[in-house]
Amino acid sequence: MAITETLELRRGAQRYMRTAMRTPLLEAEHERDLARRWRDEADEAALHELTTAYLRLVVAMAARFRHYGLPMSDLVQEGNVGLMQAAARFEPEREVRFSTYASWWIRSSIQDFVLRNWSIVRTGTTSAQKALFFNLRRLRARINDVGEASISAQNSAYVARMLGVPENDVRNMAARLSSSDRSLNAPLSDDGAGEWQDLLADENADPEGETARAHDSEARYNLVHDALRDLSERERIIISERKLEEETVTLEALGARLGISKERVRQIEGNALAKLKRALIDRVGDPVEAGYVS
């Protein structure tokens, strides 16, 4: 990206923030009126006025997450998504100010964005793990435990107790938050020979393996399709619907379709499977070992 383009983006972000902070706040009754007009009449002008008045809330909330290393403009954009979600769900009849309600949605949207994009941390999705991720720095600062990657046993016990998580999780998170990403193009040695990505194993199948698998799959399909010819029409229907389709049809549904009881469908299915197995044995040997019938 050119320097002039980068500078223009920064100026645009600064103008946005200045505009957000200068927009006057709303009186409670006018706020409720705007919310009603948007909900009941889909009045876009009301929505614009309602959300514009609380852009400052988005900016203030986004500023709390700047230390995670993500662009402020991206954080603000995600906060705007949360603001729009709040406007769509707000119930003006409840005695709650829109700013109070919107704060939860804005914070949640920004937090989800941070968790998706802060690459060195792959926490779980539980509320306890999220609380640890977003509150560890604050709690360590409270007890004056900052600047070190490791955390003492006493302090990790304190954080674990405050957030209700295992102490080991606290120690692991402290180490992760203090580390940095390594570029895949970083050299392996001082002489620049080789890169870290050269050590990554390729988990994709090689062309020869893919060809072999495709050939085996086609062979299995042809053998089963040929063996099905040894079954009666009703047996083929039951086996196809019960064993060969992605969505299995119930015994009861098949019984209604064929005009028989579901118990009779079960009996026919068992007999047909035995007959199919014998047909496959005649062609390839043990079908279980060959992987054709489970």
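Just so you know, all these numbers are worked out from the coordinates, no wet-lab data involved. In this text the structure is predicted, and so the values were computed from the model without any measurement. As a convention, Cβ positions derive from the backbone with ideal geometry for all residues, glycine included, and neighbour counts pool all protein chains shown.
General remarks:
- Stretchable slack from Gln154 to Arg18, in nm (0.36 nm times residue separation minus alpha-carbon distance): 44.5 nm
- Length released on extending from Asn168 to Arg236, taking residue separation times 0.36 nm less the Cα-Cα span: 18.8 nm
- Cα-projected label distance for Asp112 with Asn135, points at 7 Å along beta-carbon direction, nm: 2.1
- Efficiency of FRET from Cβ geometry, His225 and Thr250, R₀ 30 Å, rounded to 0.05: 0.80
- Residues of the range 70-112 with an amide N closer than 19 Å to a point placed 7 Å from the Cα of Asp33 along the Cα-to-Cβ direction: 91-99.
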